[in-house]
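Single-structure report; data block below.
The values are calculated or read from the model by the stated rules, or taken from the named source; none is laboratory data. Quantities reported herein were computed from a predicted structural model and do not represent experimental measurements. Positions of Cβ are generated from backbone atoms using ideal geometry, with glycine treated the same way; all protein chains shown enter the neighbour counts.
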Amino acid sequence: MRRLPVVLSLFLLMATDPAQAAGGGGDDKPAASVAAAKGVRDLQLAPSQTLSEPIKGVRLNITQFSYPGVPERASCRTVIRVENTSEHTIAFYSLIRTFDTQQVPLSTWMTPSGELPPGKSGERLYSCKLARYMVLDRGSAGGWPNTCLVDGDERSPCPLELTFDANMDLLPEPATKNGKKP
């Protein structure tokens, strides 16, 4: 029961001063803190081009924050929120890979939406290592954009168009060598 007031306090802190909530409160901010001005807002992620009528109205929001303390008490949390304003019940997951300031891999996150009826949202809270960059893995065979559930039916390719928000920057696609990804 003590965790709920702490989490609520953190959300209020983020709403009033996102830079402070991201660990950037002053000149001695940690090098790995996420700057409030960085990130992605309202990026439209389209499904396969073979679909003639994508389902719009699904928002994927990923917010990472830390709260200060001595190193053994400082913490990082990631909140993943999915909102469904479409007219369909949806369920999907995506894979997200996070990287530090030197673009060294940190973690891979599977972000399930759960089953969301129209007008509903779902949210999950995870512990994390403070990241600066992320990649949305579009090659996951079992997740968006390759497959999802729409009104209880599995759809492949997934017709969901996602509006994506994050407070981390996206890394560009890996460079190709002779037309192949490394």
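Worth pointing out:
- If only residues of region 30-72 that are modelled with pLDDT under 85 and assigned to a strand (DSSP E or B) are counted, the one that is nearest to Trp109 (Cα to Cα) is Ser66.
- Considering region 166-182, and only residues there that are part of a strand (DSSP E or B) and surrounded by 10 or more Cβ atoms within 10 Å (Cβ to Cβ), the residue that is modelled with the lowest pLDDT turns out to be Leu170.
- Thr163 surrounded by 13 or more Cβ atoms within 10 Å (Cβ to Cβ), under 17 Å from Ala46 (Cβ atoms), touching a Gly at 6+ places or on another chain (Cβ under 9 Å) and in contact (Cβ under 8 Å) with a residue 12 or more places away in the chain: yes
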